[in-house]
Structure formats: C-alpha cells, structure tokens
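Every number in this text was worked out from the coordinates using simple rules, so none of it is lab data. Source: prediction; values computed, not measured. Please note: Cβ atoms are built from the backbone with ideal geometry, for glycine as well, and neighbour counts cover all protein chains shown.
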Amino acid sequence: MALIIEALHAMGHNVRWMSWNLFLGLVPLALSFWLFRKPRSRWLIWGTGFLLGATFLPSMRLFFFYLKHIVQDLGKTYVLGAIVITLALMAVDIWVLRQRGVRSLRWWAGFLAFIAFLPNAPYVLTDIIHLIRQIQEGKSVWVVTLALIPQYLVFMLAGLEAYVLSVMNLGYYLKQQGWGKFVLVTELTIHALSAIGIYLGRFIRFNTWDILTNPDALVNTVMNDLVGKRPVLVMVVTFVVIASLYWLMKQVSLGISQRFYSSPSQSELSADSATSSESIDLRF
C-alpha cells in the first residue's frame with residue numbers, strides 16, 4: 001500500500017508540468033489540421049481535441065499566469081493593436097476566400113504560429129532529465145519501473161507522435177500543392193529549426209512567446225550564443241535524434257494508416273513492392 005501511495009504521489013507531481021508541456025506540443029498538431037489537411041479519422045480529431053482539453057485543464061493556472069505576464073510585457077497598446085489586426089485579418093480572410101487558391105493572411109498567421117510552437121512537441125524528449133532527477137532522489141525501484149517509466153514513455157511518445165503527424169500533414173499539403181519534391185528538404189529544415197528551438201528552450205530557457213515579448217534578447221542569443229562549439233554540437237546531436245525518431249515514427253504511422261485505410265488488394269500489392277512515403281497518399 002505504501003508503494004502505491006508513493007507511486008501516485010510521484011506521478012501526481014509530474015502531471016502538472018507534463019500536461020503543460022504536452023499541451024504546447026499538441027497545439028501545432030491542431031493547427032496542422034486546420035492549415036494543411038483535415039483528417040479522415042474522427043477518432044484522431046476528437047482524440048486530439050480531448051488531449052488538448054485534458055492537458056489544458058491541469059495547467060490552466062500556468063496558462064493564465066503566462067498570459068498575464070505576456071500582456072504585462074507587451075503592454076495594453078500592443079494587445080489592443082493585436083486585437084484590431086486580428087479582426088482585420090478575419091475581414092481580409094473572408095474576402096480572400098472568395099478567390100480560389102489564394103492563401104489568406106490569417107492562414108499565414110496560423111502557419112507562423114505552427115512553426116513557432118512546433119519545437120514544443122519534440123521538446124518533451126528532453127524532459128527525461130526529470131526522470132533522472134527523480135531516480136537520483138532515491139525513489140523505489142518498483143515505483144520507477146512500474147509507475148514513472150511508463151508515465152514518461154506515454155508522455156514522450158504522445159509529444160513525438162504529435163510532431164510526426166504535424167510534419168507529415170505539412171508534407172501532405174506540399175504534395176497537394178504540387179511541391180512534392182520539396183518535402184524532404186522541408187522536413188530536414190523543420191528538424192533543424194526544432195533542434196535550435198529545443199536548445200533555446202532547454203538550455204537558454206526561452207519560451208515560444210518570447211518571440212513577441214522578448215525579441216531583442218532572443219535575436220541576440222541566436223546571433224551570439226549559438227555559434228559556439230558546445231551549442232552547435234548539442235544542436236547537431238538533437239537534429240540527428242529528431243530526424244531518426246521522426247523517420248522511424250513516420251514509417252510506423254504510415255503502416256498503421258495503411259493497415260486501416262487500405263483495401264486487402266492494396267495491402268497485398270504494397271507488400272510485394274517497396275513503397276516509399278512519397279507514393280502513399282494516406283489520410284489519417
């Protein structure tokens with residue numbers, strides 16, 4: 001009984017910060033559904049919405065805490081200006097949508113938000129340091145093995161899969177626009193940007209919203225501090241890890257999608273021939 005109480009206490013201690021980090025990682029996935037493609041699977045849509053709500057509620061206080069500081073840092077004038085600009089973008093969007101094939105300003109604003117929030121998804125992989133710290137605190141081996149490790153695995157897999165699906169949705173959109181030859185370059189660029197974002201978040205302790213609230217310090221850090229040997233080495237290793245895990249999880253996701261959305265004849269055909277991700281047009 002004592003071990004169960006200890007395990008619940010240890011897991012409960014992780015819930016708040018895990019919920020917040022996972023919520024930030026799910027934001028780009030939700031944006032990708034709006035920007036790039038709407039999934040065929042209602043389970044995926046409702047599941048993402050459920051996870052967003054489930055991760056937002058435990059971290060609601062943290063959300064409003066950061067929101068309050070963002071408003072204070074930006075100032076009321078900036079916030080009012082942002083509201084006016086948003087309303088203007090909505091009006092322009094209504095007009096632009098009448099013209100077929102033209103992306104609206106609101107779409108581009110959403111795309112910038114997608115790029116800004118995307119590193120939060122693979123960022124959860126670096127939270128393994130918290131597990132190491134909890135082990136060093138002397139947690140029971142049973143608590144670590146049966147409670148903490150499964151909790152961290154689910155947490156990190158959810159964040160990584162959110163990243164994979166987000167980038168895959170972007171790749172799907174590029175193919176639909178006739179830019180399929182740029183998918184690989186785009187993926188590698190996204191991995192590189194995510195590696196930079198993870199370094200800025202984990203080691204320099206910047207947040208996504210510092211792009212708006214503290215751009216001067218962010219730019220100075222990028223220009224001055226990221227050219228050293230240690231930052232470059234860390235970012236290169238991070239890039240390799242992200243790219244490798246992305247490729248692996250992408251194959252798993254494509255396999256699962258093909259399993260559920262392909263007919264038996266298509267499955268047999270794909271089993272007889274090597275199928276690349278570029279030749280598969282799957283909708284989750």
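Take the Cβ atoms of residue 130 and residue 3, set R0 to 30 Å, and the FRET efficiency comes out at 0.90. Once you reduce the range 181-250 and the range 1-70 to the center of their Cα atoms, the two points are 22 Å from each other. Phi angles of the range 29-35 translate, via the Karplus equation with coefficients 6.51, -1.76, 1.60 and θ = phi - 60°, into HN-Hα couplings of 5, 4, 5, 5, 5, 7, 7 Hz per residue; Gly and Pro are given as x. If you take every residue apart from residue 201 with its C-beta less than 14 Å away from the C-beta of residue 201, what net charge results, scoring Lys and Arg +1 and Asp and Glu -1? Combined, the nearby Lys, Arg, Asp and Glu give -1.
Per residue of the range 188-201, what does 6.51 cos²θ - 1.76 cosθ + 1.60 with θ = phi - 60° give for ³J(HN,Hα)? Whole Hz please, x for Gly and Pro, Karplus curve as stated. Calculated HN-Hα couplings, in order: 5, 5, 4, 4, 5, 5, 5, 4, 5, x, 5, 5, 5, x Hz.
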